[in-house]
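So the structure is just underneath, and the comments pick up after that.
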Amino acid sequence: MRVGVIGAGSIGSVVAAALRDGAVPGARLTGVSDPAQPDGLPVLPVGELIEASDLVVEAAGHQALAELGPQVLDAGRDLLVVSVGALADEELHERLRAAGPGVPHLSTGAIGGLDLLRAAARMGLHHVELVTTKRAASLVQPWMSDAEAERLRTADTPVELMRGPARKVTAAFPKSANVAASVALAAGDWDVVETAVVADPCAETTSHVITAEGAAGRYRFEIRNHPSQETPTSSQVVPYAVLSAIGALATPEGAFR
Ligand SMILES: NC(=O)c1ccc[n+]([C@@H]2O[C@H](COP(=O)([O-])OP(=O)(O)OC[C@H]3O[C@@H](n4cnc5c(N)ncnc54)[C@H](O)[C@@H]3O)[C@@H](O)[C@H]2O)c1
């Protein structure tokens, strides 16, 4: 499978280098497309990258997904979406759904348990809660007043910054949007997912605690990721989730890898 990567930042550069080095059997790198022109990776203009690839990985951000995602699918190329939070925008979600003949796939990104949530959602979920806890300093947002931002930077105990429906919280904390969107899409309902963001000045890991209750049973998933060194709002595991998804798409017949 020929794989092109749009966006070679903290996630895309790790994915592209691993593909270049043959780390995923059945998949090879065609190139990367990124205006930052990363060193050590074959750079292609986006049109050529799409043309040369069977699968295009989007790891470039919400705006890039909106601009390029439909083009990839309309060209008959499959698309692996990393900026899942962008799908909180219903209009974009619909445009991607309507595009084709390429097929969109979603990276599981920073979390797991989505397969069980999807299964339980088929029987009906009454309530889903996601509590994301990050280092306080990485949660400062442009809409915060100087006083609020300073209080966050200097807090010495954990503070719940916001709690509410997933769409509202993702709009206020876009860097936390990906996980909330992944949970909402697995639950098949944005309104059923109550999302909270907690700032913890002492957090050594980024944690996501997902609890769900419905006709199928009660579930609790607790994920504690080491933050990315380059991008503390992201987690180190994310590029490896992308590589794992590429591996499953490249050799779908191999269940035991
Ligand atoms: N699904 C998840 O759980 C999850 C987890 C973490 C991050 N993410 C998302 O993944 C995306 C990438 O994250 P990152 O940490 O690698 O970001 P990053 O800022 O390190 O890298 C993004 C790269 O994309 C490039 N870029 C921007 N616009 C582009 C365009 N139109 N065409 C080509 N390249 C373009 C930038 O130059 C940059 O190098 C973000 O949207 C982030 O929110 C998802």
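Values as computed for the structure displayed
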read-out	value
Anisotropy class of the range 32-82 from Cα gyration tensor, a/c 1.5 cut	oblate
Charge dipole (debye, nearest 20) of the range 102-163; +1 at Cβ of Lys and Arg, -1 at Cβ of Asp and Glu	240 debye
Of the chymotrypsin sites (Phe, Trp or Tyr not before Pro) in the range 137-229, those whose Cβ has at most 13 other Cβ within 10 Å and which sit in DSSP loop	TRP143
For the chain, built as a Gaussian network whose Cα springs stay under 10 Å, the top-fluctuating residue of ALA184, ALA64, ALA147	ALA147
P(r) tail fraction, the chain - alpha-carbon pairs more than 28 Å apart, %	36 percent
The range 163-239 - percent of accessible surface contributed by carbon and sulfur, probe 1.4 Å	48 percent
Selection from ALA215, CYS202, LEU139, by position along the positive dipole direction of the range 114-225 (Cβ)	ALA215
Net dipole in debye of the range 114-225 [+1 Lys, Arg Cβ; -1 Asp, Glu Cβ; about Cα centre; nearest 20]	260 debye
Student exercise, the chain dipole from Lys, Arg, Asp, Glu Cβ charges, in Debye to nearest 20	500 debye
For the range 114-225: rounded, prolate or oblate by the Cα gyration tensor [a/c cutoff 1.5]	prolate
Label-zone membership for the range 37-70, site VAL103, 7 angstrom Cα→C-beta point, backbone N under 15 Å	54-56
Choice from GLY22, GLY100, GLY247 with maximal GNM fluctuation in the chain (Cα, 10 Å cutoff)	GLY22
Computed accessible area, ASP191, all protein chains, 1.4 angstrom probe, square angstrom	130 Å²
Accessible area of the range 127-222 divided out per residue, in Å², using a probe of 1.4 angstrom	47 Å²
Highest-fluctuation residue, GLU90, GLU48, GLU204 considered, GNM on the chain with Cα pairs under 10 Å	GLU90
Relative contact order computed over the chain (Cα-Cα under 8 Å; 6+ residues apart), in percent	20 percent
Accessible surface of HIS93 - all protein chains present, 1.4 Å probe, nearest 10 Å²	40 Å²
Listed residue (LEU96, LEU130, ILE6) projecting farthest to the positive dipole end of the chain, Cβ model	LEU130
Label-point separation in nm, ARG218 to ARG20, each point 7 Å along Cα→Cβ	5.0 nm
Degrees separating the helix 177-187 axis from the principal Cα axis of the chain, which is the longest one	90 degrees
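The values are calculated or read from the model by the stated rules, or taken from the named source; none is laboratory data. Note that this is a predicted model, so its numbers are computed, not measured. Don't worry about glycine lacking a Cβ; one is built from the backbone with ideal geometry, like all the others, and counts go over all protein chains shown. Calculation scope for accessible area: heavy atoms of the full protein, side chains included, ligands and nucleic acids excluded. Shrake-Rupley method; radii C 1.70, N 1.55, O 1.52, S 1.80 Å.
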